[in-house]
1. Considering only the stretch 241-275, state which residues are crowded, with 16+ Cβ neighbours inside 10 Å and polar (S, T, N, Q).
2. For residue 110, are the conditions met, namely being farther than 21 Å from residue 44 by Cα and surrounded by fewer than 24 Cβ atoms within 10 Å (Cβ to Cβ)?
3. From the list 199, 176, pick out the single residue that is assigned by TED's automatic domain parsing to the domain that holds residue 121 and more than 16 Å from the ligand (Cβ to nearest atom).
4. Does residue 246 count as among the β-branched types (Val, Ile, Thr), within 16 Å of the ligand (Cβ to nearest atom) and either modelled with pLDDT under 90 or out of contact with any Cys (no Cβ under 6 Å at 6 or more places or on another chain) (or both)?
5. Every residue in the stretch 202-218 that is near the ligand (Cβ under 9 Å from one of its atoms) and charged (D, E, K, R), please.
6. Just to be sure I understand, how many residues within the stretch 1-53 are more than 20 Å from residue 131 (Cα to Cα) and basic (Lys, Arg)?
7. Please pick out the residue among 88, 150, 119, 139 that is surrounded by 17 or more Cβ atoms within 10 Å (Cβ to Cβ), in the same structural domain as residue 177 (by TED's automatic domain parsing), under 19 Å from the mean Cα position of the chain (by Cα) and within 16 Å of the ligand (Cβ to nearest atom).
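The values are calculated or read from the model by the stated rules, or taken from the named source; none is laboratory data. Keep in mind that this is a model prediction, so the values were computed, not measured. Glycine gets a Cβ as well: all are built from the backbone with ideal geometry, and neighbour counts include every protein chain shown.
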Amino acid sequence: MNYPYLQQFRQSLVEWFHQEKRDLPWRNTKDPYKIWVSEVMLQQTRVDTVIPYYHRFIDKYPTIESLANADEEELLKMWEGLGYYSRVRNLQAGVKEVVEKYGGTVPNNRHDLQKLKGVGPYTAGAILSIAYDLPEHAVDGNVMRVLSRVLHRTEDIALPKTRKIFEEAVEQLIHPEYPGDFNQALMDLGAMICTPTSPKCLLCPVREYCLGFMEGDAEQLPVKTKKTKEKHIYYDVYIAVNDGKVVIERRPREGLLANMWQFPMIEKNKPSDNTKEAFELSYNVKIEKILKENFFEQKHVFSHLIWYLRCHLVEIEKTEKTPESVRCVTLKEMESLPVPVPMIKILNFLNQYIFYSWE
Ligand code: SF4
């Protein structure tokens, strides 16, 4: 790496961090388990959102053993609202491995850590540098953005092979005495100053050593090709009522929102399709009365997928033979189950506007 300001950059960055770092609950610990939990929560989720979840989660599962032994349904409930539920399943699988293989001590080397379920190069580097003070890289999209600018690198950060370039760069740049602080400083700089659009270069502690700033094109970096187009899926959602209870079903064990509970959803080829018959056939029910058609609409964006949901309130005839994954519960009972965010929005709407007047 041909970068002339290596010493000055790492020094200024760490000094700035010591003065300006954000006061975050996982920064008051060196416990690798807690740092692991925080890093998993922070993937694709904003810091402000994570803080209350982190407190509740650590109160509930204060030790690695308590998480390893946690009930899956209860765990999903604790994670409800954070999204990307495979993260918490992988976290528990990884934690179980640590308890079984390493007697509950989180490994202190990259080789063993990265073999654990859900632990990639970034999470491993964060645990090793922050909890164990080891000079290990922790490179994510934020760090690649900051370093593209500082080092004036123009490789496409959407390509997997580019990460290696930045990992090697961090190995050289990292502060040998404060490796955890150095990695966290890069994260904070990316979050607070060197933001994706309009970086605040005039406030930046490393401006004097930033090649992108010197070249005058920092804002055009990093180079990132567009990701593949999202898929759009249209669903009718049926709030099917019988005797004060609603029909809900459990999603499959694998894939998106695995094992979570939802109202019946019928996919449509186009938004105007009528799905009533498909609903009756799929759930072996008979619609007696349509109480409110299309009472609530919402769009829910996943990483590569957008759901468009149109909700209908219907009264159904009681049936003996429903699919195995289906249950009939009160809204109150449904609230105690793990339910994904789009369903929580429907539940809130029902509680506020529909059942209020319907009961
Ligand atoms: Fe980012 Fe500007 Fe600081 Fe360079 S000077 S690291 S572009 S904020």
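1. Scanning the stretch 241-275 gives 242, 259, 262, 275.
2. Working: farther than 21 Å from residue 44 by Cα: yes; surrounded by fewer than 24 Cβ atoms within 10 Å (Cβ to Cβ): yes.
Yes, satisfied.
3. Numbers: 199 fails: more than 16 Å from the ligand (Cβ to nearest atom).
Just one listed residue meets the conditions, 176.
4. Working: among the β-branched types (Val, Ile, Thr): yes; within 16 Å of the ligand (Cβ to nearest atom): no; either modelled with pLDDT under 90 or out of contact with any Cys (no Cβ under 6 Å at 6 or more places or on another chain) (or both): yes.
No: the conditions fail for residue 246.
5. Listed by number, the residues that qualify are 207, 208.
6. Of the residues in that region, 1 qualify.
7. Working: 88 fails: within 16 Å of the ligand (Cβ to nearest atom); 150 fails: under 19 Å from the mean Cα position of the chain (by Cα); 119 fails: within 16 Å of the ligand (Cβ to nearest atom).
Criteria check complete, one pass: 139.
Each row is one residue, and each column tells you yes or no for (1) of a type in the set (Lys, Arg); (2) assigned to a helix (DSSP H, G or I); (3) in contact (Cβ under 8 Å) with a residue 60 or more places away in the chain.
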site	(1), (2), (3)
38	no, yes, no
45	no, no, no
58	no, yes, no
65	no, yes, no
73	no, yes, yes
81	no, no, yes
